[in-house]
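Since every read-out is calculated from the coordinates, none of them should be taken as a lab result. Since this is a predicted model, take the numbers as computed values, not measurements. Ideal geometry is used to build each Cβ from the backbone, glycine not excepted, and the neighbour counts take in all protein chains shown.
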Amino acid sequence: MDRARDGMAPAMIDLSALSAHTAASRIRDGSLSAERYAAALIERHRRLAMLKVAISFDEALVLEQARAVDLARARGAVLGPLAGLPFVAKDQIDTVGYPTTAGTPALRNYRPTRDGSVVAAMRRAGAILFAKANMHELASGGTSSNPTFGFVRNPYDPSRSPGGSSGGTAAAIAARIVPIGLGEDTGGSVRIPAGFCGIAGLRPSTWPKKLYGDDGMVPPPAPDDTQTIGPMARTVAEVALLHGAITGKTVPAMPALAGVRIGVPAASFWDDPRIDQAVARVTRAAFARLAAAGATLVEVDLDILRRLGTELSAVVSTGSRDRFAAWLTDSMPGLTLEALVEQIASRDVRAAFAKAAPSLQGTAAQRAALRADANRRYAEMMRTAGVAALAFPNPLIPAPPIAPQGDPEEPMVEVTGQSWPLRDIALRYEIFGSRLGVPGLNLPIGQVEGLPVGLELEGLPGGDEHLLALGMAVEALFDPLPPPAL
């Protein structure tokens, strides 16, 4: 809540509670100094240090950037849409002034000489880099329990995981340490932690080409055509603000929900024992609210889409291990892939890298043709159903407990009385969108015993702005989640 609107004296305002829109507006009009705002968030970060949201953090550098914004305003400069907003960037994304470690010991000393293009766009829009966010080591897992830089903790319950691999970004935003941030999504690494932490997060389109620039990133262990940076914030409206600043594209006004057709899971979906029943109840109640607002809900068989994603995983034209080795040669001369793997601290990540590299299957042209066909079938399914987007719970469970001794080689979770691999639960309905390259948007819709529940909306490739507009309309139906009791 922006308490300034309630007539409270400036000294009583909780600056960490300001929305991104309000904070940037007040910094632009001079009613709030960027330095004062940054100092308040620095103090909050100090107080919540046990959440372990950051790998690299330099208070003096943050305040220096904030003062530069205030000086620019004093000179009469026109400030950008993100003026003075502190943001965190997942420590897989290159930023000048900080190392880019990808959460792994061997890259502690990797210092990029320029910002990645998305970070550069954020800075041009007036945002200031607050910290490099903690993450699951080498973006290779879903908990962000990092043995080297600390286990990231969920602000809604510090005994639980924030998800991953962009867990530090999600936790920092949910904890009101920063209003906005950048994650990276290969199989769900923006949307899963957004769901667990009760914030909004966008995986932009990567088909037929990537909407967000992908230079200046440590490659994840996955095909290059699935990787993208994604904006994260407390609300969809704030994600739309970041999206516009990064891409220059305008998000249209939110549509009236009356008459909008949305694809929802068929009845058999809810029988899946991998879905927590409390999450299912919250999601179905959200669907009822959509229907009451006039939306038409159309049942869709999501297993068809899962099969499309599985088909795409069968042809990989470029081995991720080879791509990572090539990146090391260019970025860290003298550090071999073998030497890096020997220093991996996470048991699950080490086990994944220890496996024999998969043999290459097919060519880049064959993979592109397969993706084109899969997207044609996806679009045809959407057209046949006449839906603007698909909607389903994300993730299928509330945030799981943190394993006190760190993640085992195969992290497991309990759901409906059975033990399941966390990867199978977290990625079950996230992965097909990543492989197809379609935009995916998470937004919070409620809580289960104090833990957030998210809803994912997925649209057509290139339809990111329309998906964000729909997301804002859906978001308007739900009360904001209460902030974490920290």
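Output needed for region 176-249: three equivalent-ellipsoid semi-axes, defined as square roots of 5 times the C-alpha gyration tensor eigenvalues, in descending order, whole Å. Display every interim value, and only then the final one.
Working: eigenvalues 79, 44, 21 Å².
Semi-axis lengths for region 176-249 are 20, 15, 10 Å.
Each residue in M412, M217 was given a count of other beta-carbon atoms within 10 angstrom of its own, and listing them fewest first yields M412, M217. By DSSP, the beta bridges lying fully in region 14-475 are antiparallel in about 70 percent of cases. In terms of its C-alpha gyration tensor, region 343-461 comes out oblate, because a/c is 1.5 or above while a/b does not outweigh b/c. Cα-Cα pairs above 12 Å in region 114-168: how many percent? I get 67 percent for the Cα pairs in region 114-168 exceeding 12 Å.
Normalising the average separation of contacting C-alpha pairs (under 8 angstrom, six or more residues apart) by the number of residues puts the relative contact order of region 14-475 at 18 percent. In sequence order, region 374-383 has phi-based couplings of 5, 5, 4, 5, 4, 5, 5, 4, 5, 5 Hz under the Karplus curve 6.51 cos²θ - 1.76 cosθ + 1.60, θ = phi - 60°, and Gly or Pro positions carry x.
Using equal-weight Cα scatterers in the Debye expression, the normalised intensity of region 447-486 in log10 at q = 0.26, 0.28, 0.29, 0.31 Å⁻¹ is -0.93, -1.00, -1.03, -1.10.
Beyond 19 Å, what share of the Cα-Cα pairs of region 373-438 is found? Please give it as a whole percent. Everything past 19 Å amounts to 48 percent.
Region 421-474 and region 361-411 have Cα centres spaced 10 Å apart. The ellipsoid that matches the Cα gyration tensor of the chain has semi-axes, each √(5λ) in whole angstrom, of 31, 28, 22, with the longest given first.
Around the amide H of E299, modelled in the peptide plane, lie the amide H atoms of V264, all under 5 Å away and 5 or more residues distant in sequence or on another chain. Close amide-amide hydrogen proximity is noted between N146 and F151, V152, each under 5 Å apart and 5 or more residues distant or on a separate chain (H modeled in the peptide plane; Pro and chain starts excluded).
Scanning residues 5 or more positions from A133 or on other chains, those with amide H under 5 Å from its amide H are I55, A89, K90, D91, with H placed 1.01 Å from N in the peptide plane.
Distance between the C-alpha centers of region 249-276 and region 47-118? Whole Å please. Cα centroid to Cα centroid, the span is 35 Å.
Under 24 Å of direct C-alpha separation, and excluding same-chain neighbours fewer than eight residues apart, K209 reaches these lysines: K90, K249.
Where in the chain is the longest stretch that carries no trypsin sites (Lys or Arg not before Pro) classed as loop by DSSP and with at most 11 other Cβ atoms within 10 Å? The longest such stretch corresponds to 210-354. Here the Karplus relation 6.51 cos²θ - 1.76 cosθ + 1.60, evaluated at θ = phi - 60°, turns the backbone of region 167-181 into coupling constants of x, x, 4, 4, 5, 5, 6, 4, 7, 6, 7, 9, x, 9, x Hz, with x for every Gly and Pro.
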